[in-house]
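Presented below is the structure to which this report refers.
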Amino acid sequence: MPKIADIEKTPNPNAMKFVLREPLTQGVVRSYENAQQAAGDPLASALFGIPHVTNVFYVDRWLTVTQDGVADWDELLKQLAVPIREADAAATRAAVPGQPGISAQPAGLSVEDTLRLAQINLLLDEKVRPALLADGGGIEVLNLEANRLTVRYHGACGTCPSSTMVTLNAIENLLHTVEPDLEVVAA
């Protein structure tokens, strides 16, 4: 049972990040936008069973819960703490059927695009993903087609206004160091 080490505010006022003493996964990202997506994941399902929860994102020792903006955080945090504390740690957690985690590699890419994407993901891994994770979120590459990279934000970043404005622009500028003509769009 993971113990909560800390609860941190994120740049998204509707999301809170829980820092845990034990990991929930071993490097596998789980991201759910609704209760139907979370079916089969006991922790995420329990969290979606709490009124006002709109998104659950977790990896390793971090879990971010986003609410609809209506709930009082003090009351909601008390309710969220119960299923988080009752969740199995990664060592005892069973795999979630149909939920392999977030893929860093879209299917059907050419060899050339696979190499391009590897370089893009390396930059994202080194410069972007740690910062987003620190803010309770993440980013997934959905597609690379010609000079257009499509990404999806997760966790606190998924509904944060700055992720679709400021962060997306910063990511595109960073990726221009390896691909000057690359356009980055959020799905």
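Under 8 Å between Cβ atoms, at least 6 apart or on separate chains: pull out the pairs that start in the stretch 155-180 with a residue that is assigned by TED's automatic domain parsing to the domain that holds residue 119 and under 23 Å from residue 114 (Cβ atoms) and end on any residue that is crowded, with 16+ Cβ neighbours inside 10 Å and at pLDDT below 90.
Going by the 8 Å Cβ cut-off, there are no qualifying pairs.
With respect to the numbered conditions (1) at positive phi; (2) at pLDDT below 95; (3) not β-branched (Val, Ile, Thr), which one is the sole condition not fulfilled by residue 3?
Single failed check for residue 3: (1).
If you scan the stretch 20-34, which residues turn out to be surrounded by 15 or more Cβ atoms within 10 Å (Cβ to Cβ), outside any strand (DSSP E or B) and in contact with a helix residue (DSSP H, G or I) (Cβ under 9 Å, 6 or more places away or on another chain)? So that I can check it myself, show each step before the final result.
The first filter runs over the stretch 20-34 and keeps only residues surrounded by 15 or more Cβ atoms within 10 Å (Cβ to Cβ), leaving 20, 22-25, 28-33.
Cutting the leftovers down to outside any strand (DSSP E or B) gives us 22-25, 28-29, 33.
Scanning the stretch 20-34 gives 24, 33.
Where the second residue is part of a helix (DSSP H, G or I) and the first is closer than 17 Å to residue 169 by Cα and lies in the stretch 104-129, which pairs have Cβ atoms under 8 Å and are six or more apart or on separate chains?
Filtered contacts from the stretch 104-129: 120/175; 123/174; 123/175; 124/171; 127/174; 128/171; 128/174.
Test of understanding: among 88, 74, 41, which residue is of a type in the set (D, E, K, R) and under 19 Å from the mean Cα position of the chain (by Cα)? Reasoning before the result, please.
On the way: 88 fails: under 19 Å from the mean Cα position of the chain (by Cα); 74 fails: under 19 Å from the mean Cα position of the chain (by Cα).
Step by step, each of 88, 74, 41 is checked, and only 41 is of a type in the set (D, E, K, R) and under 19 Å from the mean Cα position of the chain (by Cα).
Whether any residue in the stretch 137-157 is assigned to a helix (DSSP H, G or I) and not hydrophobic (A, V, I, L, M, F, W, C) is what I want to check.
First, pick out the residues of the stretch 137-157 that are assigned to a helix (DSSP H, G or I): 156-157.
Subsequent filtering for residues that are not hydrophobic (A, V, I, L, M, F, W, C) retains none.
The answer is no, given that none of the residues of the stretch 137-157 is assigned to a helix (DSSP H, G or I) and not hydrophobic (A, V, I, L, M, F, W, C).
Just wondering, is there one or more residues in the stretch 96-112 that are in a helix (DSSP H, G or I), of a type outside the set (S, T, N, Q), at pLDDT 90 or above and closer than 20 Å to residue 31 by Cβ?
As a first pass, look at the stretch 96-112 and keep what is in a helix (DSSP H, G or I): 111-112.
Cutting the leftovers down to of a type outside the set (S, T, N, Q) gives us 111-112.
Next, from what is left, pick out any that are at pLDDT 90 or above: 111-112.
When the remaining residues are screened for being closer than 20 Å to residue 31 by Cβ, the result is none.
No.
Could you give me the residue pairs with C-beta distances under 6 Å whose first residue belongs to the stretch 68-83 and is touching a residue at least 40 places away in the same chain (Cβ under 8 Å) and more than 23 Å from residue 160 (Cα to Cα), whose second residue is among the hydrophobic types (A, V, I, L, M, F, W, C) and assigned to a helix (DSSP H, G or I) wherever it lies, and which are 6+ apart or on separate chains?
Note: pairs meeting the criteria are 83/46; 83/47.
Any residue in the stretch 8-19 that is free of Cβ contacts under 8 Å to residues at least 60 places away in the same chain, out of contact with any strand residue (DSSP E or B) (no Cβ under 6 Å at 6 or more places or on another chain) and not in a loop (DSSP other than H, G, I, E, B)?
From the stretch 8-19, those free of Cβ contacts under 8 Å to residues at least 60 places away in the same chain are 9, 13, 19; that's our starting set.
Next, only the ones that are out of contact with any strand residue (DSSP E or B) (no Cβ under 6 Å at 6 or more places or on another chain) stay: 9, 13.
Then drop every residue that is not not in a loop (DSSP other than H, G, I, E, B), which leaves 9.
Yes - at least one qualifying residue is present in the stretch 8-19.
Going through the stretch 57-87 one residue at a time, which ones are within 18 Å of residue 6 (Cβ to Cβ) and among the aliphatic types (A, V, I, L, M)?
If the condition is that a residue be within 18 Å of residue 6 (Cβ to Cβ) and among the aliphatic types (A, V, I, L, M), then 59, 63, 65, 76, 77, 80, 81, 82, 84, 87 are the ones that fit.
From 17, 78, grab the single residue that is surrounded by 15 or more Cβ atoms within 10 Å (Cβ to Cβ), at pLDDT 95 or above and basic (Lys, Arg). Working first, answer last.
On the way: 78 fails: surrounded by 15 or more Cβ atoms within 10 Å (Cβ to Cβ).
Criteria check complete, one pass: 17.
The values are calculated or read from the model by the stated rules, or taken from the named source; none is laboratory data. Computed from a predicted model, the values in this text were never measured in an experiment. A quick note on method: Cβ atoms are made from the backbone with ideal geometry, for glycine too, and the neighbour counts reach across all protein chains shown.
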